[in-house]
Amino acid sequence: MKLTGKLLKTGAVAAALALSLAACGGTGSPSASGTSTDALAGAQTPDKYTTADVTALDKIDKSKLGLITSGTLTVGTLSDAPPSIFIDKSGNFTGFDNELLKAMGDKLGLKVQFASTQFQSLLAQVKNKQFDVGSSSISTTDARRKTVAFTNGYDFGFMALVAKDDSKVKSIADLKAGVRVGVVQGTVQDDMVTNQLGLDPVRFKDYNTAYANVKNDQIDAWLAPSQQAEGQIKPGDNTKIWEKKVATQNFSAYAVAKDNPALLEALNSALDAVIADGTWTKLVEQWFPERKTAAERMPDGWKPGSKAVKVPAGN
């Protein structure tokens, strides 16, 4: 049977979806003025949020970080979104985002403990102190900043359109009424399809399920974060990324509770430290080998960390 957006909006699912969109900063509907909400609104000028510099690591008081467990960063993350956040064959949480966070924890002398969750719940869980940090390639929209605080940016993103090799849907412009487009609920892709394009998407709880429905023709296309799309596609799947759009305006960052500025300060200091010592560059080269040049690692003038940190050149 074909899935439809309306099917996923019925009963308890509708209530859960409304909650998830509120928690993760999505609106789920056009604004009260009748105009569509821009899914990528907020952080349109990254300098509006990026700090000028950071506190020196040796000035960070680790006794005041407000951690759930002293000496440990308790981190909520995803298990199914390579190469950014996933569990490897040995059962270890890994990926670019999580390996970078481990390196930051080392700079602070903190153990990093990961736990799997779903994206639509993550920001609410950080806000409610179930996790100290949220790690999930989170786009830092203004709407999400109403729920949590964000570190300085550590990555940018692409939005990708995934469909079958013989699909008639070949671009984001092809997403129109009658096209069954899938999204992971609560994401900026969900917000974009719902509010900017005015469509009724088919919402899924995770990336694996969304991609599986492309492969088995239950949906026509999947609008996804590019890194996660690239991590899902395997040889012989008869699928491809038809279009990618770079999104540096809403950089990716780690989420922290808004009432814990000490932890936010510490993470920003650690992020600058792993950028300055070359760890960030090495991890980008490892996890995103397609970004071969400095311009591909830092497009459109974007760079990670504070305004003051220098990014070493790669190989």
**Request:** Could you give me the residue pairs with C-beta distances under 8 Å whose first residue belongs to the stretch 73-93 and is without any contact (Cβ under 8 Å) to a residue 60 or more places away in the chain and surrounded by 23 or more Cβ atoms within 10 Å (Cβ to Cβ), whose second residue is small (G, A, S) and part of a loop (DSSP other than H, G, I, E, B) wherever it lies, and which are 6+ apart or on separate chains?
**Result:** I85/S79; I85/G95; F93/S79
**Request:** Mind listing whichever residues of the stretch 181-211 are touching a Gly at 6+ places or on another chain (Cβ under 7 Å) and either free of Cβ contacts under 8 Å to residues at least 40 places away in the same chain or assigned to a loop (DSSP other than H, G, I, E, B) (or both)?
**Result:** G186, D200, P201, F204, A210
**Fill in**
Filtering the stretch 164-188 down to residues that are surrounded by 24 or more Cβ atoms within 10 Å (Cβ to Cβ), in contact with a strand residue (DSSP E or B) (Cβ under 6 Å, 6 or more places away or on another chain) and either modelled with pLDDT of 95 or more or β-branched (V, I, T) (or both) yields V181, G182, V183, V184, V188
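Quick grid of which residues meet (1) assigned to a loop (DSSP other than H, G, I, E, B); (2) touching a residue at least 24 places away in the same chain (Cβ under 8 Å); (3) touching a Phe, Trp or Tyr at 6+ places or on another chain (Cβ under 8 Å):
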| residue | (1), (2), (3) |
| --- | --- |
| Q130 | yes, yes, no |
| S136 | no, yes, yes |
| R144 | no, yes, yes |
| G153 | yes, yes, yes |
| V162 | no, yes, yes |
| K170 | yes, yes, yes |
| V179 | yes, yes, no |
| N213 | no, yes, yes |
**Asked** Quick one: would you say A262 is in contact with a Lys or Arg (Cβ under 7 Å, 6 or more places away or on another chain) and either closer than 15 Å to A56 by Cβ or free of Cβ contacts under 8 Å to residues at least 12 places away in the same chain (or both)?
**Response** yes
**Item:** Residue tally, condition crowded, with 18+ Cβ neighbours inside 10 Å and not in a helix (DSSP H, G or I), over the stretch 109-128
**Value:** 5
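The values are calculated or read from the model by the stated rules, or taken from the named source; none is laboratory data. Treat the numbers as computed from the prediction; the structure is a model and nothing was measured. Reconstructed Cβ throughout: ideal geometry from the backbone, glycine too, with neighbour counts over all protein chains shown.
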